Amino acid sequence: MAAIDETSEPDSPVHSTYPPLVEAAWLYQADQVCPEDLPMTAAQALAAGMDTPILRELAGVPRHADPRDIRDTFEQALEELGIDLPDHHLARRYALRRLATRFAAGEVDLAGLASDEWSEMEVETAEEQAFLALLPPCACCIEYTLGLDEAAWAAQLQIAAGTLVAHPTVGPRL
């Protein structure tokens, strides 16, 4: 059964096959989820049939609450549901694969890939390395690095993203 992917736009073509809180736990550990979004994730998990006292509490927390309190409640909800937080390194690898999936689906444009957050990441597969090597550290570097060959770069990125998506090596276990 496919779950709602609460971590992307509502009309996104990319949908997670993981339960909302499992996906959120992995992206949370990869620093890809803002604490203020976690109460909505909890509400979606409740709507999907998960129900515990702490999960209900988290769903009722306002977005502007102290982020530390939101994080603590989220981690308590995961513990209550028996969902383990993954290792940070594994979660980052999963987030990179998810970025490749979203790019391959057309959900993220070239400028959306530009970020220095991936520059220090340790990869373990050739597919991860090939995709990561093509990511620019910032939007201003796109023009500097590529010059007029943006089409060739985009094609290389599509190939690398597709290869990474086709060879999943890390992610939640169901």
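The values are calculated or read from the model by the stated rules, or taken from the named source; none is laboratory data. All figures in this text were calculated on a predicted structure; none of them were measured in a lab. Cβ placement follows ideal geometry from the backbone for every residue including glycine, while neighbour counts extend to all protein chains displayed. Surface accessibility is based on the protein's heavy atoms, side chains included, excluding ligands, DNA and RNA. Shrake-Rupley method; radii C 1.70, N 1.55, O 1.52, S 1.80 Å.
Some points to look at:
- Approximate spin-label separation Ala151-Met40, in nm, with each point projected 7 Å along Cα-to-Cβ: 3.8
- Shown in residue order for region 109-124 are the 3J(HN,Hα) couplings computed by the Karplus curve 6.51 cos²θ - 1.76 cosθ + 1.60 at θ = phi - 60°: 8, 4, 5, x, 7, 6, 6, 7, 5, 9, 4, 9, 6, 8, 10, 10 Hz (x for Gly and Pro).
- Carbon + sulfur, % of accessible area of region 40-161 - ligands and nucleic acids excluded, 1.4 Å: 52
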